[in-house]
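The structure appears below as structure tokens.
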């Protein structure tokens, strides 16, 4: 997945800092970070760690006190903020749809500001409703109050995507949605991202959501300290410090099973010549999903890429390079 | 003579004064609307000034109307001008108060989303904040209008126009022929004007509020 992503940087933060007047400490201490084009980056941390402030500085809803923000090779720190925001998708937990406007009008707002003609905008609205799984004929003319929370956030995502911005900022977009619908929205959103390949910065306080969605995860500690910025896999197998270790919580090894694929693990595991019916899997499937199938179908042997591996070898090969002094 | 035959006999005068009353009220409310919206707009970034203005206009409302009309006589004399002025003073508070309440009541997450998608402050005001505050603002106009319909009757005390004339003349010669009928016709006509205006406001509310806010 990551090798298909261009290594060109989409967002570059240079010593970005926020301090509110008459406060002793920085709300966000100087932060530098690079986010690549097409990358899905999740900011995660306890409340008050400055992750939302950081996110809102990228589209300058909060003006940084110091530092520079580069987007797509351009220093946007001193450009017109309204113009900047029209080219960055923005999704928030409370959705914030305009209650007095229809779904279609809500989605049309940014294209209108960018001067699109009516026909192009209308076609785009239908295309987007399709994209987020809402039937245009049914939902176009509805008002936000006539939608469920999950449907509202789908419209929120469609609205953010309206003018096809290369960059999306999402502040706990699924946080207010009930767990079952949230899980489905996450899956659908991942599938959507596979197709549209936006650069996404996503804020959550839920480490499971971060591990599930992020290509890379930035874990913030209290006082806006960036504790670790790495892939889910690296974070689970090599937590940078005690804070990260306690934040990812117990069962890090179990969680690791859902971020590694059977393809890579089978390469490290010894082959078996034990007879018996094997379960075959695709190399890109996560170990956890494959194990689940093996358990429910009562198979002890996995066959992937022509190699037969025992369940227990698969398990230990998955978590084998984990380093956890505790 | 019974009340109904009195009314049919004097219909021309009553309806003339009624139209005068209506015009008086509408002019006062219109002036108050311009003043209130101007005050609210001017204090957009001055919350303390706004709070002070609101409590000041609220205080004006507590001045008894008879006293206020009397106070205006030395400055503006008798007649139409002091009447309109006094009524405007009364109508400012409900309109300004409701405009502020309406604007403050707009869901902050909607404003955040509007800012986040790159709407300028002007766009946010006209596309988002005013339409969402509108039902509350309109209600301020409605309260002000009904209040002023009643208060306008006192305008007759300073020789102002309107239905107050019927009440004052009737009462001043109570016991005389048709005195009670005259006063009563003024009272009833005022109630009718108030009811009609109220219905008009309900209709305006229905017509100008987005369907999305009703559901």
Q: Within a 10 angstrom radius of each residue's Cβ in B:101-114, how many Cβ atoms of other chains show up on average? Whole number is fine.
A: 3
Q) Rg to Rh for segment A:154-268: what is it, with Cα atoms only and Rh by Kirkwood? A) 0.98
**Q.** Degrees separating the helix A:287-296 axis from the principal Cα axis of chain A, which is the longest one
**A.** 60
Q. Roughly how many whole Å is it from the C-alpha centroid of segment B:84-110 to that of segment B:140-215?
A. 22
(Q) Between helix A:103-113 and chain A, what is the angle of the helix's C-alpha long axis to the longest principal axis, kept within 0 to 90° and rounded to the nearest 10? (A) 70
Q) Ranked by Cβ crowding within 10 angstrom, fewest neighbours first, how are B:31, A:49 ordered? A) B:31, A:49
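Hey, fewest Cβ within 10 Å first, where do A:169, A:185 land in order?
Values: A:169 25, A:185 21.
Arranged by neighbour count, lowest to highest, A:169, A:185 become A:185, A:169.
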Q: Could you let me know the centre-to-centre spacing of segment B:51-69 and segment B:1-50, using Cα atoms, in angstrom?
A: 17
Q: Any chance you could run the full-extension gain for residue B:37 through residue B:66? It's 0.36 nm times the residue separation minus the Cα-Cα distance, nm to one decimal.
A: 7.8 nm
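Can you put B:206, A:212, A:18 in order of Cβ neighbours within 10 angstrom, beginning with the fewest?
Details: B:206 9, A:212 18, A:18 22.
Going from sparsest to densest Cβ surroundings: B:206, A:212, A:18.
Mind checking Rg over Rh on segment B:117-174, alpha carbons, Kirkwood formula for Rh? Please list the in-between numbers first.
Details: Rg = 20.4 Å, Rh = 14.5 Å.
Reported Rg/Rh, Kirkwood definition of Rh: 1.41.
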Q: Take the alpha-carbon centre of segment A:71-145, take the same for segment A:259-326, and report the distance between them in whole Å.
A: 44
Q. If each Cα of segment B:1-158 is one equal point scatterer, what is log10 of I(q)/I(0) from the Debye formula at q = 0.08, 0.16, 0.17 Å⁻¹?
A. -0.32, -0.91, -0.98
Q. Hey, in the GNM for chain B with a 10 angstrom Cα cutoff, which one of B:145, B:99, B:57 fluctuates hardest?
A. B:57
Q: For peptide A:87-97, compute the average count of partner chain beta-carbon atoms within 10 Å of each residue's beta-carbon.
A: 4
Q: Enter the mean projected area of the convex hull around the alpha-carbon atoms of the protein assembly as shown, in nm², rounded to one decimal.
A: 36.1
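Given segment A:2-251, what percent of its DSSP beta bridges are antiparallel, to the nearest 5? Could the numbers behind the result be given before it?
Values: 18 of 37 bridges.
That works out to approximately 50 percent antiparallel.
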(Q) If the elastic network links every pair of Cα atoms under 10 Å, which of B:88, B:151, B:101 fluctuates the most in the Gaussian network model of chain B? (A) B:101
(Q) What distance in nm lies between label points placed 7 Å from Cα along the C-beta direction at residue A:298 and residue B:4? (A) 9.4
Q. Given labels modelled 7 Å from the Cα in the Cβ direction, how far is it in nm from residue B:26 to residue A:74?
A. 5.2
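Where does segment B:166-215 land on Rg/Rh, using Cα atoms and the Kirkwood Rh? It would help to have the intermediate numbers written out before the result.
On the way: Rg = 18.5 Å, Rh = 13.1 Å.
Looking at segment B:166-215, the ratio lands at 1.41.
At a Förster radius of 51 Å, what calculated FRET efficiency corresponds to the Cβ-Cβ distance of residue A:130 and residue A:23, to the nearest 0.05?
Numbers: r = 47 Å, r/R0 = 0.92.
In this case the efficiency is close to 0.65.
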Q) For the Cα atoms of chain B, what angle does the longest principal axis make with the long axis of helix B:11-42, in degrees from 0 to 90, nearest 10? A) 30
Q) Can you work out D for segment A:176-226 in µm² s⁻¹ from Stokes-Einstein, where Rh is the Kirkwood radius over C-alpha pairs, the temperature is 4 °C and the viscosity is 1.567 mPa s? A) 105
Q. Using a Gaussian network model of chain B with C-alpha springs under 10 Å, which one of B:36, B:120, B:55 is most mobile by mean-square fluctuation?
A. B:120
Q: Let me know the mean shielding of A:51-64 by other chains, meaning the per-residue number of their Cβ atoms within 10 Å of its Cβ.
A: 1
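Cα-based Rg of segment A:1-140 per 2.2 N^0.38 Å, rounded to two decimals?
Numbers: Rg = 17.9 Å, N = 140, 2.2 N^0.38 = 14.4 Å.
The reported ratio for this selection is 1.25.
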Q | Rounded to 5, the percent of DSSP beta bridges in the protein assembly as shown classed as antiparallel | A | 50
Q: Equivalent ellipsoid semi-axes for segment A:255-319, as square roots of 5 times the alpha carbon gyration tensor eigenvalues: give them largest first, rounded to whole Å.
A: 16, 13, 10
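FYI, it's all coordinate maths here, none of it is from the lab. Computed from a predicted structure; not experimentally measured. Because the Cβ atoms are built from the backbone with ideal geometry, glycine has one as well, and the counts that use them run over all protein chains shown.
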